[in-house]
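Report on one structure; see the data block that follows.
The values are calculated or read from the model by the stated rules, or taken from the named source; none is laboratory data. The structure presented is a predicted model; accordingly, all values stated were derived computationally and were not measured. Using ideal geometry, Cβ is built from the backbone for each residue, glycine included, and neighbour counts are taken over all protein chains shown. These accessible areas exclude ligands, DNA and RNA; they are computed on the full protein's heavy atoms, side chains included. Shrake-Rupley method; radii C 1.70, N 1.55, O 1.52, S 1.80 Å.
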Amino acid sequence: MSETTKTGPADQGLVDVLVIGGGVTGIYQLYRAQDSGFSTKLLEAGSGVGGTWYWNRYPQARFDSESYTYGYLFSKELWEEWEWSEHFAGQPEIERYFNYVVDRFDLRRHIVFGAKVTTAVWDETSGVWTVRTEDGTEHRARHVVAATGILSVPFTPGIPGREDFRGEQHHTGRWPKTAVDFTGKRVAQIGTGSSGVQIVPAIADEVARLTVYQKVADWLTPLNNRPITAEEQAGLKGDFESIRDTLNTSPSGFLHQITMRSGLDDTPEQRQEFYEQKWNSPGFTKLSEHYFDMTTNATVNEEFCAFIADKIRSIVKDPATAEKLIPKGHGYGGRRPPFGTGYYEAYNKPTVELVDINETPIVRITETGIETSEGHQEFDIIIWATGYDFGTGALNRLGVRGRQGLPLEEYWADGPSTYLGVTTAGFPNFYFPGGPHGALGNNPRYSGDQVDYVMDLIVHARDHGHAVVEVTSDAEQEWTDLVNDSAGQSSFLKSSYFYGANIPGKPVKQLLNPTGRWKLQELIKESVEADFPAFAFSKPADPEA
């Protein structure tokens, strides 16, 4: 099925809730709206569901959150029916899961595929949104939920000559469905973030030559993935209620247990043993089950970084390459830590080369390859593992127009302003769970909290006869100030993409929720119990218009 194939509802009449985006958040939003008795529709630009896990199908794309902590918790039957094969599932299995959910709960008939949204315009007279897709089709809705995700707009740096390259080019975030043949090819990869470190070992044995261009080294540690044993499967199925309760309240959104002691409570020898345990532990436990003061205690952080640096030197045989792979200028947790399998080992292969573009800048892309300050290399394929316009990228490209035609991208020109990371003043009946100012952990758990809040809000509006719902400017300002003023609670540096620093010209502003999940849940609970005091409820000027 091509990306422009349209399937789904033929009726373009008014619906109660229109969802944009068929990823993990959008599917849950569609389910909740349907379950609450609203007429619904979901618009998805791709030809299938999965969001990030539909578009990111590069070699060895996989979770670095445990599979069973990423999926849905609203149905015990779903939990028992679906069986993940690995602790960190790969993209094909993840995509199958989302398709299973959509079909299991009869949601596909409410989805329009190949429907890329170009504008969403609020009409104050009728109190209705008109959403237009790329093919000119108009959809009308009382409430619009933009579940467009934080990692859905690929970023490609403006290196001169990119359009001139005559070989293949692929961004990790828009990988083709047809497998890319790397056999015997000369391959360049630009970027070494979470996606890039998965690709390198996956293709290293296929290529004739792989040249990896690195801008910033990160503190990569092993993912330590493995199959889920039969005994573990039985435990997961038997402990559903307990696991659900833990995931619904965990500050990280994982099943991980915080280590409630300071690193300085242990002797240096005990700390080294602990670091070795962390190195061999799965995924994000290196961050979430570390000493509670690992990111704030300079002694412990520097010591853990030195431990990782020694690991890199012990794995990578070429000392010069090893030093390039050791981060400079930030400690562990200063940037989003990637997790890999065989990444460092790949640089021991004679076909793999690492280029630090700070030392050897890329000058231009040519018809046949890449020119750097040290000369020209010819390539058959260029991989752009260069990340995303995080947080606001997709929302600012939807053509959203609020009261008096106010463009959302202009309102957010200096950075996003939100209320609880779900809505913004001047844009009635418009919500964006899973967007900026929401998460600081396992994204589906945070966005699930926000979807539940959006549903509580619009159910309240329906039950009380309110057609128009809009957050007040004061409430928006209070939350936005809290988010911005709490930046010190997060270890992430302003040079990371969590502040938008990777996008030229983008304001460097907080895009996460450094107050954490418990604060978000506390404010959501207070809001619901007090009948949503942060919102103004009204009727449109002429609902018959």
Residue in the range 166-177 that is closer than 12 Å to Ile383 by Cα, outside any loop (DSSP other than H, G, I, E, B) and aromatic (Phe, Trp, Tyr) present
no
Those residues that are out of contact with any Lys or Arg (no Cβ under 9 Å at 6 or more places or on another chain) and surrounded by 24 or more Cβ atoms within 10 Å (Cβ to Cβ), I need them from the range 8-30; list them, please.
Ile20, Gly21, Gly22, Gly23, Val24, Thr25, Gly26, Ile27, Tyr28, Gln29
For a quick check of your reading of the model, give me the residue pairs whose first member lies in the range 402-415 and is under 14 Å from Phe430 (Cβ atoms) and modelled with pLDDT under 95, whose second is open to solvent by 80 Å² or more (accessible area, probe 1.4 Å) and hydroxyl-bearing (Ser, Thr, Tyr), with beta-carbon atoms closer than 7 Å and at least 6 apart or on different chains.
none
Total residues in the range 488-525, condition without any contact (Cβ under 8 Å) to a residue 40 or more places away in the chain and open to solvent by less than 20 Å² (accessible area, probe 1.4 Å)
1
Hits in the range 308-320 (condition: open to solvent by 20 Å² or more (accessible area, probe 1.4 Å) and over 29 Å from the mean Cα position of the chain (by Cα))
Asp310, Arg313, Ser314, Ile315, Lys317, Asp318, Pro319, Ala320
Of all residues in the range 291-302 being surrounded by fewer than 19 Cβ atoms within 10 Å (Cβ to Cβ) and part of a helix (DSSP H, G or I), the one that is modelled with the highest pLDDT:
Glu302
Strands (runs of 3 or more DSSP E) fully within the range 363-464 counting 1 or more residues that are open to solvent by less than 10 Å² (accessible area, probe 1.4 Å)
369-372, 381-384
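With Phe430, Phe498 as the choices, which residue is of a type outside the set (A, V, I, L, M), touching a Ser or Thr at 6+ places or on another chain (Cβ under 7 Å) and more than 16 Å from Gln521 (Cα to Cα)?
Sole residue among the options that is of a type outside the set (A, V, I, L, M), touching a Ser or Thr at 6+ places or on another chain (Cβ under 7 Å) and more than 16 Å from Gln521 (Cα to Cα): Phe430.
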For the range 456-486, which residues satisfy the criterion of being of a type in the set (S, T, N, Q) and under 26 Å from Ala33 (Cα atoms)?
Thr472
Picked from the range 90-112 (must be touching a Lys or Arg at 6+ places or on another chain (Cβ under 6 Å) and within 19 Å of Phe284 (Cβ to Cβ)), the residue surrounded by the fewest Cβ atoms within 10 Å (Cβ to Cβ) is Gly90
Scan the range 536-545 and give yes if some residue there is open to solvent by 30 Å² or more (accessible area, probe 1.4 Å), within 22 Å of Ser250 (Cβ to Cβ) and of a type in the set (A, V, I, L, M), otherwise no.
no
Taking the condition aromatic (Phe, Trp, Tyr) and in contact with a strand residue (DSSP E or B) (Cβ under 7 Å, 6 or more places away or on another chain), does Phe537 pass?
yes
Looking at Gly505, is it outside any loop (DSSP other than H, G, I, E, B) and at pLDDT below 95?
no
What pairs can you find where one residue is in the range 266-293 and more than 19 Å from Ser252 (Cβ to Cβ) and free of Cβ contacts under 8 Å to residues at least 12 places away in the same chain, the other is open to solvent by less than 60 Å² (accessible area, probe 1.4 Å) and in a loop (DSSP other than H, G, I, E, B), and their Cβ atoms are less than 9 Å apart, with a gap of 6+ or different chains?
Glu273/Asp266
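Residue by residue, here is whether (1) open to solvent by 20 Å² or more (accessible area, probe 1.4 Å); (2) within 14 Å of Tyr347 (Cα to Cα) holds:
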{"site": "Gly161", "(1), (2)": "no, no"}
{"site": "Gly184", "(1), (2)": "yes, no"}
{"site": "Ile190", "(1), (2)": "no, no"}
{"site": "Ile199", "(1), (2)": "no, yes"}
{"site": "Arg209", "(1), (2)": "yes, yes"}
Residue match in the range 55-77 (condition: over 23 Å from Arg226 (Cα atoms) and under 17 Å from the mean Cα position of the chain (by Cα)):
yes
Qualifying positions in the range 125-147 - in a loop (DSSP other than H, G, I, E, B) and out of contact with any helix residue (DSSP H, G or I) (no Cβ under 6 Å at 6 or more places or on another chain)
Thr125, Ser126, Gly127, Glu134, Asp135, Gly136, Thr137
Among the residues of the range 54-67, write down those that are farther than 16 Å from Pro338 by Cα, open to solvent by 30 Å² or more (accessible area, probe 1.4 Å) and outside any loop (DSSP other than H, G, I, E, B).
Trp55
Could you tell me whether Leu247 is open to solvent by less than 20 Å² (accessible area, probe 1.4 Å) and in contact (Cβ under 8 Å) with a residue 24 or more places away in the chain?
yes
Going by what's in this entry, would Ala202 be described as part of a loop (DSSP other than H, G, I, E, B) and out of contact with any Cys (no Cβ under 9 Å at 6 or more places or on another chain)?
no
So which residues in the range 126-157 are at pLDDT below 95 and out of contact with any strand residue (DSSP E or B) (no Cβ under 8 Å at 6 or more places or on another chain)?
Gly149
Select from the range 211-244 the residues that are among the β-branched types (Val, Ile, Thr) and surrounded by 14 or more Cβ atoms within 10 Å (Cβ to Cβ) and write down the one among them that is nearest to Ser67 (Cα to Cα).
Ile228
